[in-house]
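Heads up, the thing below is written out as structure tokens.
The values are calculated or read from the model by the stated rules, or taken from the named source; none is laboratory data. On a predicted model such as this, the values are computed, not experimentally measured, just so you know. We place every Cβ from the backbone using ideal geometry, glycine too, and count neighbours over all the protein chains shown. Protein only, heavy atoms only, side chains kept; ligands, DNA and RNA dropped before computing areas. Shrake-Rupley method; radii C 1.70, N 1.55, O 1.52, S 1.80 Å.
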Amino acid sequence: MLSGALPFDRLRVYAGMALVLAQLGAVVFAHVDVKRGAARYFAWAPNDYSVDYSIRATVNGHLLDAREFGERYRLPERDFYEDPPQRLLHYLRRYESTYGRHDRTSLVVRYRLDGHRPVVWRWSHG
Amino acid sequence: MDDRRLASLNPLRISGTSMRPNVLLAAKLLALCVLVTGRIRGLPYHFLPLVAFLGRVGSPREFHRGLELVFLVAALALFCNQFVRTACLLLGLVFVVAVLSSAEYWHNNVLYTGLFFVLAALDGARSRISLFRYQLAVLYFGAAWNKLALSDWRDGAFVKDWLPHYFHGYPHVASLFPDTTLSTGLGWVAMVTEAALVVLLLVPRFVPLAIFVGVGYHTGLVTMTKGWTFGMFWYALTATYVALLEWPTAPVVVRYSPTKLVHRLGMAAVERFDFEGWYRWLPERVDALQARVDGATYEGVGAGARVLLYCPIAYAVFAVVCSSWPVVIPFTFLFLAAIAYGEFVRQGVPRFRSSVYAGGPRIGGGG
């Protein structure tokens, strides 16, 4: 299939195929590794989840209002989210373990996945 | 700068570079859509990077400006047919770096847009392997697998909860059917379509059908959600299908009637922007427009659709219109219907022949 192609052409195609195959591996990994694949970062699974969430964040004893929340996390305090809820929770944990690591933070996330009963997730540190 | 060199800068020229004409066209269209939809302003300031060192590349504002600048320079080079592969690679890296630099900006549609440009840069002009075919197959494989693995997709719970966020009247429509029948049905249509596309894309002779099904499926999603393009997904996926087209290896011969106003206007409009000689217009006594493409003859509406299918200016206009007013996107169905009609009534080459790219001679001048 590459016999008519110039050598450099072939190298490009091999590189492209490697990229595609890497994605295939990532898709398989996301499903096989239940724990680490739960956030579905590289699974080509966009818009497969219907998540209505609201988040309450208390930082150093101060309950953040909507504007403060948005400035801190660059997320709406309540919104509709179409990726796995694990990704949202992972995002918040990553923020708190990096930019927010010196703060005393308490997070309460309420979300409904696909119209099922609400789930409450709590997390705090500091 | 002489005339020939100037002519090579024409954004509507798609041949004479190291890229296949339709791949270059697709890349230009997607870059144009990014610009018209204003997404360049949305490029991120680094924040919670997935790759740590990206968070230390300049200040957030400098990083954002740098991405914008690289995008603009690369897009300009691409539109002007200069260093096209490098331009595509840079455009791709802008988006890939963007998603890796900001967890806030991480979206599949943006990542896919970046990968499209990277694959356009890597696509082998003389290779019979189409990277885009395999890329789409992997994408649909992942999408179908994830949906099939989720019980909420299989029993309709997802669609029942998700669709009202876009189509407020959906609960009323769904209530016309027993229980979750409609929601379950829509979910299974999505899953079966995506699974089928994997097969269609992997079998070369079915690629034309895959193009038809794929564009129709994604346009259907945009229609159902009343104009939501899923970020850049509709634009990037449609561009990918353009990159999969089998481009004519000789000028499209169009027989038209000079006594018919519609024919004359169409010919004038297309010929005005046909800088590379993609068409040969022959005035004849015909009742219906006829278009001959690599051995296959189309008539009437099918011929008109084929003329548009290989017309860069038509794509550019449609891209600008769809980027500006996504509610127009469902008109794509009209075009698909015309293509399908033309395919079923045409004469000549057997239907659904292999669409493996033959790497034939380029059309038109170089430069």
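Of all the listed residues (A:Arg36, A:Arg74), the sole one being over 29 Å from B:Thr229 (Cα atoms) and out of contact with any helix residue (DSSP H, G or I) (no Cβ under 6 Å at 6 or more places or on another chain) is A:Arg36. Checked against the criterion of being under 15 Å from A:Ala39 (Cβ atoms), away from every other protein chain (no Cβ under 13 Å) and open to solvent by 30 Å² or more (accessible area, probe 1.4 Å), the range A:89-101 has no qualifying residue.
Any residue that is open to solvent by 60 Å² or more (accessible area, probe 1.4 Å) and either of a type in the set (Asp, Glu) or at pLDDT below 95 (or both) - is there at least one of those in the range A:77-84? Yes; the residues of the range A:77-84 include at least one that is open to solvent by 60 Å² or more (accessible area, probe 1.4 Å) and either of a type in the set (Asp, Glu) or at pLDDT below 95 (or both). On the stretch given as the range B:249-272, residues that are open to solvent by 10 Å² or more (accessible area, probe 1.4 Å) and in contact with a strand residue (DSSP E or B) (Cβ under 7 Å, 6 or more places away or on another chain) total 9.
Selection of first residues in the range B:58-76 that are farther than 14 Å from B:Ile40 by Cβ and of second residues that are assigned to a helix (DSSP H, G or I) and open to solvent by 50 Å² or more (accessible area, probe 1.4 Å), restricted to Cβ pairs under 9 Å at least 6 apart or on distinct chains, gives the following pairs, ordered by first then second residue: B:Gly58/B:Arg65. For the range B:283-291, the condition of being more than 30 Å from B:Tyr170 (Cα to Cα) and touching a residue at least 60 places away in the same chain (Cβ under 8 Å) holds for none of the residues. The residue of the range A:56-78 that is farthest from the chain's Cα centre (by Cα), among those that are within 12 Å of chain B (Cβ to nearest Cβ) and on the phi < 0 side of the Ramachandran plot, is A:Glu71. B:Asp287 meets all of the listed conditions (1) open to solvent by less than 20 Å² (accessible area, probe 1.4 Å); (2) modelled with pLDDT under 95 but one, namely (1). With a requirement of 2 or more residues that are β-branched (Val, Ile, Thr), the helices (runs of 4 or more DSSP H) lying completely within the range B:1-87 that satisfy it span B:21-36, B:60-79.
Within the range B:124-153, which residues are touching a residue at least 40 places away in the same chain (Cβ under 8 Å) and either more than 7 Å from chain A (Cβ to nearest Cβ) or on the phi > 0 side of the Ramachandran plot (or both)? Residues satisfying the conditions are B:Ser130, B:Phe132, B:Arg133, B:Leu136, B:Ala137, B:Tyr140, B:Ala144, B:Leu148. Considering the range B:137-158, and only residues there that are in contact with a Gly (Cβ under 7 Å, 6 or more places away or on another chain) and open to solvent by less than 10 Å² (accessible area, probe 1.4 Å), the residue that is nearest to B:Arg20 (Cα to Cα) turns out to be B:Phe158. Against the conditions (1) closer than 23 Å to B:Val23 by Cβ; (2) crowded, with 21+ Cβ neighbours inside 10 Å; (3) not aliphatic (A, V, I, L, M), B:Thr86 satisfies every one except (2). Residues in the range B:154-174 that are among the aromatic types (Phe, Trp, Tyr) and facing another protein chain (nearest Cβ under 7 Å): B:Phe158, B:Trp162. Just so you know, in the range A:102-126 the residues that are surrounded by 14 or more Cβ atoms within 10 Å (Cβ to Cβ) and of a type in the set (Ser, Thr, Tyr) include one that is farthest from A:Glu68 (Cα to Cα), and it is A:Tyr111.
Screening B:Leu76, B:Leu91, B:Leu119 for residues that are out of contact with any strand residue (DSSP E or B) (no Cβ under 8 Å at 6 or more places or on another chain) and open to solvent by 10 Å² or more (accessible area, probe 1.4 Å) leaves exactly one candidate, B:Leu76.
Residue-wise test of (1) outside the structural domain of B:Glu104 (by TED's automatic domain parsing); (2) buried (at least 20 other Cβ atoms within 10 Å of the Cβ); (3) modelled with pLDDT under 95; (4) polar (S, T, N, Q).
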| residue | (1), (2), (3), (4) |
| --- | --- |
| B:Cys33 | no, yes, no, no |
| B:Thr37 | no, no, no, yes |
| B:Arg61 | no, no, no, no |
| B:Leu67 | no, yes, no, no |
| B:Val70 | no, no, no, no |
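Residues in the range A:31-52 that are open to solvent by less than 10 Å² (accessible area, probe 1.4 Å) and over 18 Å from B:Leu148 (Cα atoms): A:Val51 alone. Restricting B:Phe275, B:Phe233 to residues that are in the same structural domain as B:Ala210 (by TED's automatic domain parsing) and either open to solvent by 30 Å² or more (accessible area, probe 1.4 Å) or farther than 24 Å from B:Phe344 by Cα (or both) narrows the list to B:Phe233.
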